[in-house]
Each structure stands twice: as C-alpha cells, then as structure tokens.
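Accompanying notes for the structure given below.
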Amino acid sequence: MEPNYSAAAIEQKWQKVWHEAKLDQTPDTTEKPKFYALSMFPYPSGSLHMGHVRNYTITDVIARLKRMQGYRVLHPMGWDAFGLPAENAAIDRGIAPAKWTYQNVAQMREQLQQLGLSVDWEREVTTCSPDYYQWTQWLFLQFYQAGLAYQKESAVNWDPIDQTVLANEQVDNEGRSWRSGAVVERKLLRQWFLKITDYAEQLLNDLDKLSGWPDRVRVMQANWIGKSTGAYLEFFVKGVDEKIAVFTTRPDTVYGVTYVVLAPEHPLTPKVTTPERQEAVEAFIKEVAGQTEIERTAEDRPKRGTFTGGVAINPFNGAEIPILIADYVLYEYGTGAVMGVPAHDVRDFKFAKENNLPIKVVIVPDDADNPDLELTQAYTESGIMVNSERFTGMKSTQGKDAIVQFAENEGYGKARIQYRLRDWLISRQRYWGCPIPIIHCPSCGAVAVPKEDLPVLLPDDVEFSGRGPSPLAKLDNWVNVPCPSCGESAKRETDTMDTFIDSSWYFLRFADAKNTEKPFDSAKVNDWMAVNQYVGGIEHAILHLLYSRFFTKVLRDRGLLNFDEPFERLLTQGMVQGMTYKNPKTGKYIPSSQVNSNEPKDPETGEPLEVFYEKMSKSKYNGVEPQQVIGKYGIDTARMFILFKAPPEKDLEWDDADVEGQFRFLNRVWRIVAEYLEKKPAKIKSSETLSKEEKDLRRATHIAIKEVSDDLEEEYQFNTAVSELMKLSNAINEAKCYESAVYKESVETLLILLAPFAPHLAEELWHKLGYTDSIHHQSWPKLDPSALEVDEITLVIQIMGKTRGTIQVPSSADKQALEEFARTSEVAQRHLAGKEIKKVIVVPGKLVNFVVAG
C-alpha cells in the first residue's frame, strides 16, 4: 500500500462506483424508520462557492450518519431556477434565460457531484422545468379556489424612461434605475396576492411547536407576524363625508391626539387636500415615490411630512386637528393612517417637534405632581389618565378597555387584533418566472386555466430589451386566447409568480419527484414529511420559512397533507469568511496576492491596511474557490476543514494552515491502515484476556464511539467530533498490538466513524482491509460501556493541600484502602517523615490530602 494517498484518483474512482451503483437512491417504502435531510436548494448561478460547500457538507454528514444508524434517508437536490438574474443575463448577453439557466445547472451539478454528496439525483427537480411549474400553477389554483388568491392595486417601482416595472434589486441606493439611470417612481398596479394574513394566528401560535428551531429564528418570525392588540378608531373629516380609520395599541391616549397622518398613497389624500395645499402635496407625493420602503421607515432618518389643509375631528372630544401626509406612513401597513399622540409616542414626539405641532399630555406617572409639565421626551409608560374628560383619574391600563367599550357604544370604533404581516404580493412583471394560470374575460372576469390545459408554458419567441411592459405582455399571440368558460375573446395574465412560490413547496415534490399525474402522492409526502433536519442560511429565516409554513397549512386544509409544519429541526449555518485587506482611508479592498501578510500595506500608496475576516466575496478579493482547495488537497480534506474549523451555526474563518492540518490528519489515517496491513499476522489472536495495552486501546475506541455519537446527536458539533477522531488515531498510533482483535476493532471503528466526514478515503481504506461491501452500508458502532471501565486510577497525593506526587491504585479501592495506599506510598513516606498526621481527607477516585501538625 502506498505511503500516502492520492486524493484525486481515489475520489474520482469512488464517485464513479457510487454513481453506477446508484448507491443513494431512496426507497419509497421500507420497514426502516425515515429521516429526511435537506439543504436549502441553490440558485444556479453557475459557480459553487465555499458557502455552498459548507451547507451541503453539513447535510451530507447527517444523511450518511443516519443511514449507518439504520434509517432510510431522503437526501435530495434541486434548483431554484427562476428569477431575475437570468432575465438580466438575457438583456445583457443576448442569451435566452432558459439556455443560460440550464447551462448553469449542468455546471453546478457537476461541481456538487465532486463533493461526494450522498444525494439521490434521481429525485432532482428544477423549478423552471414545465414538469415542475405545471404543478406550481396547479397549487396556485388550489389557493384561488380556496379564496386565498386575489388581485388588488399595489405600488411598484416604475422607470419613467424605460416605461417598465423594476424589481427592488434593479434600483440603486440613490433610488435610480439600474439601466436608464432615471429616478424611480412609485406607481399603483393591479397585482396578485395570497392571503397569508388569514393564517397569521396559526403561523404565530405554531412557532411553539418548533422546539428544534433556533430561538432567534422563532423570534424573528414572531416579530415579522407582529401581533398587536388594540382598537380600530374612526376620525371624522370636516366638510367631507369621509372617515379616517386608524389602528392603535394605545386607545388610552386618544384624548392626546393633536393631528392625524395619512400615507401619501392613501385614497383619502386628494379628497382632504385643500386647493391652496394641492401643489405642495403633489410635490411631496412625487418626492416620496422615489423612496424605498426601507428608506421611508428607517428609524435613523428624519420623519418628513406636509400639511394637506384638511381637518379631522376627534369624536371623543370634538377637537379639530390637522391632517398631514408623511413619508413614514405606508398605505400597505394597517389602515394607512395613524393618529398622532406626540406626548406618548417616540416617533410622534419627534415628528411633532420637527413640524411645530401641539403636544398634549394625557398620561402621567402614578406619582406625578404636575400633569401639565412640559415634556422633553415622550412618556410611553402606563400611569394615570389626565385631561381625558370622564376617564381622568383612571389607571391607563384600565382606560384602554374603558375607552374601547365607549367607542363601541358610540359607534366610533371597536376592539381589534392587528398583525404587522401583510398579504403576500406574488406578482412579478417579468418573463422568467412561473406564469399565473388565470385568463381575464370581459364577461366572466378572472377565470382559472383548466387543469387539462396546464402547464401554461412560457413562450420562446420573446424579446428582451429591458424597456416597456413585461416581455409576455408584448406577445399578442400568447396573450389573446378564448375564455375557458364562455369562449369570448380574453387575455392571459401576463404577470409571473414570485420565486418564493417555487421554494415554498419543493420539499414536498422531492418525496414524489417523477409523478406526472399530480404534484405529489399524498401518502408518499405524509410518509416522508416533515423534514427532520433542514440546513440553510440565516438570510432565509423569515420569508422563505414563513411562506413554506403557510403553504403547508393551506395544503393541509385542502386535504393534501396531514401535518402542520414542514421543518422539524432547523440549522442555520454561519458564513465562510476570508482574510480581508482594506485601505481605511480610500475604502479600497486589496487582493491578498498583492499584500505582504507580515506587514500589510497598500501596494500603491504604502499606507497600512486594515486586516479582518469578512464574508467571502469577489468584490473584496477574499474568496477561496472550492476548486483551489479540492485540486490541491482533495474533497475529503475540504470537507474535514469545513466541519472542524467552527461549530456549524458559527461563522467560519478560512485558514490555509488548518486546511493543511486536516490533510496531514487524513494522511496519518492512511498510514495507520498501511502499517496495520503490513504488520498484522495472518491470524488475529483472541481477545478473551486483554493486556493493559489492549485495554487502553479498547477504552480509547469506545470513548471515541461515545463522544462522536454524542456530538452528532441533536446539536451536530462536528468540530468536536473530528477532535475525537484525532484522539483515537493518536491512541492507535501509540499501540503496537497489531496481532490483537482489539487493534483490528480500533482501526475499523476509526474508519467507520470517519466515513460520514471523509467518505472517499474511508471507502478506499475499508476495501484495502479486504471488505467488498461499501463502508457506508455498515452499521454505526455501538458503545460497550464495560470497555470504559478501568482497572487502575491515578491517585493524587497532597500534603496540606499541595500536590506532592501521584500513584496508581486499583479503581475498586474504597476510602480506607485509598488512605492505606497513600500512607504507604513512596511519595508520602518521603514528605511525611518525622511529621504528625492530624487529619486525612480522602476524595474517592481523585486524591488523598494529609493535614499535618505545625
């Protein structure tokens, strides 16, 4: 056997064998318990990066482990293949989105297969393939039939030069179009929504079922859903037969309202605007249209507004108060209007100060002396109600319910629970997405495309200019169709679906990926689901996971599923970070190839550079291509480093020295097996009576079994598991009992424990030992607790609490025997000579301490 292993040759050999043997195809039915291991599927960008390597290696170790533990495992892979980058590529490169996408899929599939992933490629799905999006359309119609899909007007980004809708990604940080450079406007457009708000309470309450999710992810989802308990109140508009509806969590402050604010887009805005304020209001609306939602609601930005000239009437006290519009109020949130209570709301206080609006105190602390004291900041706590007519003197906590009841009696409002969550806008005005299967008929309205006419295929003869309406809207021969209900001339829906739709059900399709009659067989999905372990980035902690949970609950209610939640356990892996060099004065990033790491300076200016770890990125010149590592060290080394360097949920700092260290470790394992094959006798001796060396080696072996198994349960501490493998390899190296069955057990156990981590090397060495079946078909080693027992322990001898030496004693010795062993030891004899022992303290299994006189 060669002294060192040739990683590339071995890895290519076993990948070919595994592929031909279809080693990882997953049975649909078996008596074994199931385990569904899933990584969030990738967008086919064409190139694999280290983040991919980490994500898929983590899931692969789990999948391989579970197979060896006796589970039938579903570990599939697919492609989140629709989306804007392909359409941009079509515009920039003159290449069809489908061609560009499928080229990238082929390239990334080849790269992923090099990683030695135990993926069932027979179940591969691609979301842009008609055999997938046919069922995406079918599922959309399930929502439509349930009354959960509808159209309404909503704001979009509008390029006034190219006359086209822009995605958020196509608007730069100055609010300009990526292509034309025009200042982007906000424009109302009729679009499709899914009524996720109907499931808000379920989505919130069922977070309690997800004990296998990180706490911070559950908190993020709860905050996004944003349940608030409060009141719906209506303010009259002076001189106009309209009412302004607001939602507030502080109805106890209603007597402190000094103004009302509408969203600029609110339909009441033009109705309440007076002629003398019309020009100013229209200018402000146009200015706000160029801002993103994030810009408008950011806490660190000034809250800007303008007066409409309109006046509202507070129905509780008849006070006339001004109506304004402001950038921080969004029409899509709540009622699109807020009541301004600057004395008791931080944002309102700031806005009132900036716009010279009155501030009226209506809640004071329990021990306040002067209820009319001028505030320097908003008082937002509970307290005693003042300046509130009949409610004055009441505790504000009681006043909330009292005022709601009063409003209901008088017809001003009612109690309400509201959610921050808004219905899911799924319309995209672009080509490369799943077509929405709706036909608009002038007589019948919106009509569902019949099931037998699915899929609604994306046409090929499309022009990509980046200008004007959606490419689909320009194709008259595709748009104009007869109505499926009445036969009258009608038009197809030209919007396509948000790509989050595709990823909200792909995990269900994997259970029955080749079904041509329906999206999946319910029995197969109910058998495999829920996903036992889901692995992916924290960036998907809110929307993807929330939408997937929503889909699952709707399909359950449609009778297609029998479970509530799609993902039992969630692991959000950290980022892979590279050493980064940056000139702090210029902000310029410098490639590491141009830097002396011992004295990092800008090669052009000589200025000292900042050195830090940051997420790998081409723009920061800190990336490491997977092929660089694989080409030099092999896939198994890359996997070992990824798993060893940091716990999976933490960020990983790339270090070439640690990669080298894992390469040396795998070479050590190779040499252990090579030496064993060279020196083992033809006949292995019986292990009925073990020598001390054999007992120590067997103990080390079973400690490794215990510790590695513990590390791979629940928390998946791969880094400490690899450390245990290193300890076992050291113990085997130190032992020389090649002829013993214990040595054979130790070598084989090391390889089996190593197999999920370094599958190619482990397979090669397993076959070198003479086995013909795959190591990945072996059972996970079982702990023998008796192997952990020891005959002797090390006993510490102390004099007056100070350690003087150690001795070996029988592990079965009781306190009396331990004291005797200690008294008669050479250590004690030497240090106690001529001294009076006043007291002896015995800590069983650890130490004996002699307390002496003087």
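Calculated FRET efficiency, A283 and N477, Cβ-Cβ r, R0 45 Å, to nearest 0.05? Rounded to the nearest 0.05, the efficiency is 0.55. Applying the criteria of a DSSP loop state and at most 10 other Cβ atoms within 10 Å to the trypsin sites (Lys or Arg not before Pro) of segment 680-723 yields K683. Computed from the alpha carbon positions, the gyration tensor of segment 792-852 leads to an equivalent ellipsoid with semi-axes of 18, 11, 10 Å, biggest first. Exposure proxy for M77, M339, M220: other Cβ atoms within 10 Å of each Cβ, ordered fewest to most, give M220, M77, M339. The calculated FRET efficiency for E463 paired with Q145, based on their beta-carbon distance and R0 = 45 Å, is about 0.85.
For segment 344-419, what class follows from the C-alpha gyration tensor (a ≥ b ≥ c being the square roots of its eigenvalues): rounded when a/c is under 1.5, otherwise prolate if a/b is larger than b/c, else oblate? It is oblate, given that a/c is not under 1.5 and a/b is not larger than b/c.
Residues in segment 531-544 carry Karplus couplings, in order, of 4, 6, 9, 10, 10, x, x, 5, 5, 9, 5, 9, 5, 4 Hz; the curve used is 6.51 cos²θ - 1.76 cosθ + 1.60 with θ = phi - 60°, and Gly or Pro positions show x. Ranking T30, S180, A755 by Cα position along the charge dipole of the chain, where only Lys, Arg, Asp and Glu carry charges on their C-beta atoms, puts A755 farthest toward the positive end.
If you look at the Cα atoms of the chain, you get an Rg and a Dmax of 34.8, 116 Å. Put a dot 7 Å past the Cα of L788, heading toward its Cβ, do the same for E734, and the two dots end up 1.9 nm apart. Taking segment 22-44 and a reference point 7 angstrom along Cα→Cβ of W121, the backbone N atoms nearer than 13 Å belong to 22-25. Subtracting the Cα-Cα distance of K514 and D527 from their residue separation scaled by 0.36 nm leaves 3.0 nm. The loop-placed trypsin sites (Lys or Arg not before Pro) in segment 272-326, going by DSSP, include none that has at most 13 neighbouring Cβ atoms within 10 Å of its Cβ. Restricting attention to the chain, close to 75% of DSSP beta bridges with both partner residues there are antiparallel.
So which lysines pass the test for K815, namely a Cα distance under 24 Å, with those fewer than 8 places away in the same chain ruled out? Reachable lysines: K802, K835, K838, K839, K846.
Here the dipole of segment 537-689 is about 560 debye; that uses its Cα centre as origin and unit charges on the Cβ of Lys and Arg (positive) and Asp and Glu (negative).
A simple spin-label model places the labels of I161 and T824 9.8 nm from each other, with each point 7 Å out along Cα-to-Cβ. Farthest toward the positive end of the dipole of the chain, out of S45, A741, G631, is the Cα of A741, where the dipole comes from beta carbon charges about the Cα centre.
Scaled against the 2.2 N^0.38 Å expected of a compact globular protein of N residues, the Cα radius of gyration of segment 488-644 reads 1.58.
For segment 741-836, applying the loop criterion from DSSP together with a ceiling of 13 other beta carbons within 10 Å to the GluC sites (Glu not before Pro) yields E789, E836. With 0.36 nm allotted per residue and the present C-alpha distance subtracted, the Q113-Y771 stretch has 234.4 nm of extension available. Once the C-beta distance of D564 and K680 is scaled by a Förster radius of 51 Å, the resulting FRET efficiency is 0.40 to the nearest 0.05. Full-extension gain between K620 and V851, please, as 0.36 nm times their residue separation minus the C-alpha to C-alpha distance. Using 0.36 nm per residue and subtracting the Cα-Cα distance, I get 76.7 nm.
Positive end of the dipole of the chain (Cβ unit charges, origin at the Cα centre): among Y259, G212, V851, the Cα lying farthest that way belongs to V851. Along segment 383-389 the Karplus relation, 6.51 cos²θ - 1.76 cosθ + 1.60 evaluated at θ = phi - 60°, assigns HN-Hα couplings of x, 10, 7, 10, 6, 10, 6 Hz to successive residues, with x for each Gly and Pro. If a spin label sat at a point 7 angstrom from the Cα of T689 along the line to its beta carbon, the backbone N atoms of segment 789-810 nearer than 19 Å would be those of 791-792. For K680, a cut-off of 24 angstrom between C-alpha atoms picks up these lysines, skipping any fewer than 8 places away in its own chain: K692, K695, K727, K736, K744, K768.
Rounded, prolate or oblate: which one fits segment 239-342, using the alpha carbon gyration tensor with axes a ≥ b ≥ c (rounded when a/c is under 1.5, else prolate when a/b beats b/c, else oblate)? Note, shape of segment 239-342 comes out oblate. Going by a ≥ b ≥ c, the root eigenvalues of the Cα gyration tensor, does segment 763-805 fall in the rounded group (a/c under 1.5), the prolate group (a/b larger than b/c) or the oblate group? Judged from the Cα gyration tensor, segment 763-805 comes out prolate (a/c at least 1.5, a/b above b/c). Counting only Cβ charges, +1 for Lys and Arg and -1 for Asp and Glu, the dipole size of the chain around its Cα centre is about 1320 debye.
Cross-link reach is defined here as a Cα-Cα straight distance under 19 Å, omitting same-chain residues fewer than 8 places apart; for K524 the lysines meeting it are K32, K34, K514, K553.
Karplus-based coupling profile of segment 140-154, in residue order and whole Hz: 4, 5, 4, 5, 4, 5, 7, x, 9, 10, 8, 10, 7, 6, 8, with θ = phi - 60° in 6.51 cos²θ - 1.76 cosθ + 1.60 and x standing for Gly or Pro. Its Cα gyration tensor gives segment 227-419 an equivalent ellipsoid, and the semi-axes of that ellipsoid, as √(5λ) in whole Å with the largest first, are 27, 19, 16.
Just so you know, all these numbers are worked out from the coordinates, no wet-lab data involved. Note that this is a predicted model, so its numbers are computed, not measured. Every residue, glycine among them, receives a Cβ derived from its backbone with ideal geometry; neighbour counts consider all protein chains shown.
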